[in-house]
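Colleague: This is the structure, below, for whatever I ask next.
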Amino acid sequence: MLSRPAQIDVLFVNWRDASHPEGGGSERYVHRIAERLAAAGLRVRLFCAAHDLAPAAETVRGVEVVRRGGRFTVYPQALRHVRRTRPALVVDVQNGLPFASPLVRRGPVVNLVHHVHREQWPIVFGRIGGAVGWWLESVVAPRLYRRSRYVTVSGATAAELATLGVAAERVTVVPNGVDPVPTVRAAPDPQPHLVVLGRLVPHKRVEHAIEVLARLRPRWPGLRLSVVGDGWWREELVAAAERLGVREHVEFHGFVDEQAKHESLARAWVHLCPSVKEGWGLVVTEAGGHRVPTVGYRSAGGLRESVVDGRTGVLVDDLEGMVAAVERLLADGETRRRMGEAAAGHAERFSWDASVRGFAGVLSAALRGSAGAVVEDVDLLAGLLEGVVGVDGGGDPGDRGDGETGAATHGDQNGDQGLHREARFRRSRRRPVTVDAAAKIHNTAPTQTPSATP
């Protein structure tokens, strides 16, 4: 048994963790990857913002969680933590604003980007604040991480990163996994029931789901909508429901535990995902696990991969299209059932085990390629990471055998869920290496964007 040093092996820095009231799919992704790395024997820590529902420090399924600072002060706090603890590997989770860990360390930093926030910035911060935010994300961040490897969850985001100057060979697509569907007591409601799940913030555009309800209720008088999630935009949504005359038909569940979330999904006929942008859309596969098809916007980017249009759900171009698609599914029970079955089958293709293997491969490459890594750390940590990747053979990391490089897309899935082959990497003989601004939020159609910048 090798002696393990006290140093942190992998430090994730993120603005929130999964216990945060405004946490979502991005935070779930980080936790699942971190938990499995910890289970493989690595010492893993997550540094994130503090909140009232959790202590300042705790260990969650093997991951040390340290909470300091708030929405913006978490960034300087995280930099101090990176500099003070000197972990072997750092993963900066960039939700728009970069953590900028490369400024305070010479060792490897991996940048995890779920989606590019081009459309969200002006919605949340207005024209001037949004322009500053977009400059930080699109100009400053690519320079800060110019020597770093990137991970993202979809080919759509990989394509957008390329438009920001991030070389394709530095980007690896590691899709979301899917948790096993828990046993639920609920069954699909006898009356038509819609559900929308996520943070209640402007760019999630839950107003569109409420508008769909208001337009369809005259023809579907029993129709109801469940809104699962919480956030600072909640009162605006309640006001929208009142303004449209459907407040009594919308149930705002707030922040709920996993079991309650799955009970809500199981009662639904159709899941709506009206977001401006999704890197992947974990809620889509969660709904699919309950045989619930999704209707969402094609322009949202990652939904073009989590939703197989016409088979597991429907992608539309505007609010009118969303209303029409939902009505078709409500009226045609056979199509709804068939799409739900296909959605369940599609969701089963994705596993966290495959995702963590891909992520470990990226960490392996980052560790070996860093001039700032300590040799002793590389030997110990690389051995653990190789156990996660679990691939034998010879050759160099990133060698696809056919000369091709770049990020995998949805169509590349062959058992490894579309992981860039760089993630399935191999041993070295000398050293074991394992290591329009945005669409307006108030009931207007989203702007269609080119496929390279969805």
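Colleague: Surrounded by fewer than 24 Cβ atoms within 10 Å (Cβ to Cβ), of a type in the set (Gly, Ala, Ser) and under 28 Å from ARG36 (Cβ atoms): which single residue out of ALA344, ALA324, ALA287 fits that description?
Modeller: After ruling out the rest, the residue left standing is ALA344.
Colleague: Sort through ARG105, ARG127 and tell me the only one that's among the charged types (D, E, K, R) and either within 26 Å of VAL256 (Cβ to Cβ) or assigned to a loop (DSSP other than H, G, I, E, B) (or both).
Modeller: Within the list ARG105, ARG127, the selection yields ARG105.
Colleague: Separate question: Considering each residue of the range 168-196, count those that are among the hydroxyl-bearing types (Ser, Thr, Tyr) and surrounded by fewer than 13 Cβ atoms within 10 Å (Cβ to Cβ), and give that number.
Modeller: Of the residues in that region, 1 qualify.
Rundown of residues vs (1) touching a strand residue (DSSP E or B) at 6+ places or on another chain (Cβ under 6 Å); (2) surrounded by fewer than 19 Cβ atoms within 10 Å (Cβ to Cβ), yes/no style:
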position: ASP17; (1), (2): yes, no
position: HIS20; (1), (2): no, no
position: ALA34; (1), (2): yes, no
position: ASP52; (1), (2): no, yes
position: ALA57; (1), (2): yes, yes
position: ARG61; (1), (2): no, yes
position: GLU64; (1), (2): yes, yes
position: ARG71; (1), (2): no, yes
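Colleague: Please tell me if VAL151 is outside any loop (DSSP other than H, G, I, E, B), touching a Phe, Trp or Tyr at 6+ places or on another chain (Cβ under 9 Å) and under 29 Å from ASP353 (Cα atoms).
Modeller: Taking the combined requirement at face value, the residue satisfies it.
Colleague: Exactly one condition in (1) closer than 30 Å to GLY369 by Cα; (2) surrounded by fewer than 21 Cβ atoms within 10 Å (Cβ to Cβ); (3) charged (D, E, K, R) is not met by GLU160; state its number.
Modeller: For GLU160, the failing item is (2).
Colleague: Any residue at all in the range 198-217 that's acidic (Asp, Glu) and modelled with pLDDT of 95 or more?
Modeller: Yes: the range 198-217 contains one or more residues that are acidic (Asp, Glu) and modelled with pLDDT of 95 or more.
Colleague: Sticking with this one: Look through the range 299-344, keep the residues that are in contact with a helix residue (DSSP H, G or I) (Cβ under 8 Å, 6 or more places away or on another chain) and at pLDDT below 95, and return whichever of them is nearest to PRO180 (Cα to Cα).
Modeller: SER306
Colleague: Follow-up question, since we're still on this one. Which one of these is in the same structural domain as LEU216 (by TED's automatic domain parsing) and within 28 Å of GLY222 (Cβ to Cβ): ARG338, ARG298, ARG304?
Modeller: Being in the same structural domain as LEU216 (by TED's automatic domain parsing) and within 28 Å of GLY222 (Cβ to Cβ) holds for just one of ARG338, ARG298, ARG304, which is ARG338.
Colleague: What about VAL151, is it in the same structural domain as LEU363 (by TED's automatic domain parsing), within 24 Å of ALA18 (Cα to Cα), among the hydrophobic types (A, V, I, L, M, F, W, C) and touching a Cys at 6+ places or on another chain (Cβ under 9 Å)?
Modeller: No: the conditions fail for VAL151.
The values are calculated or read from the model by the stated rules, or taken from the named source; none is laboratory data. Here the structure is a predicted model, which means the values were calculated and not measured. Cβ sites come from the backbone with ideal geometry, for glycine too, and all protein chains shown count toward neighbours.
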